[in-house]
Amino acid sequence: MTLSYLTHLECSYTGKEYEAGKPHNLSEAGKPLLARYDLDAIKGSITKGELAKRDEGFWRYREFLPVAKSVNRVSLGEVVTPMIPLKKMARKEGHTGELIVKDEGRLPTGSFKARGLCLAVSMAKEFGLKHLAMPTNGNAGAALAAYASAADMRTTVFCPDDTPRVNIEEIAFQGADVYTVNGLITDCGKIVGEGKEKVGWFDVSTLKEPYRIEGKKTMGLELAEQFGWELPDAIFYPTGGGTGLIGMAKAFDELEAIGWIGSKRPKLIVVQASGCAPIVKAWEEGVEHAPLWENATTAAAGIRVPAAVGDFLILRAVRETNGFAIAVDEKDIFDSWREVARDEGFLLCPEGAATYAAYRQAVKTGQIEKTDKVVLFNCATGLKYPMASDSKTIDRTKTIDYDQF
Ligand SMILES: *Cc1c(COP(=O)(O)O)cnc(C)c1O
């Protein structure tokens, strides 16, 4: 029995259609392919009430996903990620609306890369692929390694050599062959692309296969369901390749097409670091594509992406939702990281902290109203990142000065 309502794939740039039943990378135009479904059939197959009774995790949305056979649904214990109000931070800003973090750090492998790679690996399993490869700044490689190992597939992963050790070791520990490369993620991507013919691995780079977006789409489905099918006013998204932003926009369009939500959209807001802000620059200049950002630097590795193959899709989603793009300084990111941890007891990741810094900036400029319902994305657990230490030491062999405490 087939469970998938996937009908075909479509070039996101030219609209040309591609057959769904086999693996694909980019379209002939060199652009991402988007999965298309029989939305009327989805509409007739499930109600909101039936959905509400299902188990947590990505597969509760299976009608909206491309995997046909249930044996191919790889799973590592996914959860519906919680929405946590930042009450003290909101009070500080005089925010009377809601300020909520969707905490993706609770997912398997500690980041929302689990969403995309769970789906990409499940589809690779459906196609009988045996060897997957990708460039990564860390979190995607970890999710790929974990899901592919669970599905008995081989993985080869390339990281820039300044990727934090903890990420590199996590990837290797979960079964991947990992190589560090003296370059950026774009240089690693080149190796994966060139090796495709020679080695025969399948390229699962961001947006270079169609199903990671489908996995990230579950963020939009989940958000809509968690908000009772009334979307919030604004979503701040730390943007690297932009899969999540594109995926959420796609989720909202599909939900509207089946009549589960109306036409209201949250402002989709691209957040980047000022040391690597190609999308923000393109947004400000009003152009369709974002040229490669030279000498990209930020310690928020998840958003250190100098060129995005889906740049025009990110910019389109921002424009169509009356959103905007905003760059935040490195100091602001790391001050926010510490401030939210200390004041609110919430350990964001630096990329998540960037969304808080951007939110604060946008309140100041009036781009966000204090009455708005705002969602910030925390995309990974903060525990994967090196933290500045504020600890002191005690010599237990000497007299302890208790006045110091
Ligand atoms: C990958 C990643 C991002 C960027 O996500 P995209 O959907 O690729 O733009 C942001 N933060 C973290 C922690 C990531 O791992």
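The values are calculated or read from the model by the stated rules, or taken from the named source; none is laboratory data. Bear in mind that the values here come from a model prediction, so they are computed numbers and not experimental data. Note that each Cβ is placed from the backbone with ideal geometry, even for glycine, and that neighbours are counted across all protein chains shown.
In this structure, Val101 does satisfy being buried (at least 20 other Cβ atoms within 10 Å of the Cβ) and among the aliphatic types (A, V, I, L, M). The combined condition, being farther than 30 Å from Cys188 by Cβ and within 15 Å of the ligand (Cβ to nearest atom), is not fulfilled by Leu315. Keeping to segment 1-41, report how many residues are under 15 Å from Glu214 (Cα atoms) and either of a type in the set (Phe, Trp, Tyr) or touching a helix residue (DSSP H, G or I) at 6+ places or on another chain (Cβ under 6 Å) (or both). The number of residues fulfilling the criteria is 5. Of the residues making up segment 287-310, those that are within 12 Å of the ligand (Cβ to nearest atom) and within 13 Å of Gln272 (Cα to Cα) are Thr298, Ala299, Ala300, Ala301, Gly302, Ile303, Arg304, Val305, Ala308. Of the candidates Glu225, Glu214, the single residue that is within 22 Å of Ser111 (Cβ to Cβ), more than 16 Å from the ligand (Cβ to nearest atom), of a type in the set (D, E, K, R) and not in a loop (DSSP other than H, G, I, E, B) is Glu225. Only residues that are part of a helix (DSSP H, G or I) and crowded, with 24+ Cβ neighbours inside 10 Å were counted across segment 138-153, and they come to 10.
So that you can scan it fast, the table gives a plain yes or no per residue for (1) in contact with a helix residue (DSSP H, G or I) (Cβ under 6 Å, 6 or more places away or on another chain); (2) within 26 Å of Ala299 (Cα to Cα):
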site	(1), (2)
Glu78	yes, no
Ile100	no, yes
Glu104	no, yes
Leu107	yes, yes
Ser111	yes, yes
Lys125	yes, no
Leu129	no, no
Ala140	yes, yes
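I'd like the full set of residues that are without any contact (Cβ under 8 Å) to a residue 40 or more places away in the chain, in a loop (DSSP other than H, G, I, E, B) and within 16 Å of the ligand (Cβ to nearest atom), limited to segment 81-112. Answer for segment 81-112, where residues must be without any contact (Cβ under 8 Å) to a residue 40 or more places away in the chain, in a loop (DSSP other than H, G, I, E, B) and within 16 Å of the ligand (Cβ to nearest atom): just Leu107.
Hey, could you check segment 274-306 for residues that are of a type in the set (A, V, I, L, M, F, W, C) and under 16 Å from the mean Cα position of the chain (by Cα) and say which is modelled with the highest pLDDT? Top of the filtered list is Ile279.
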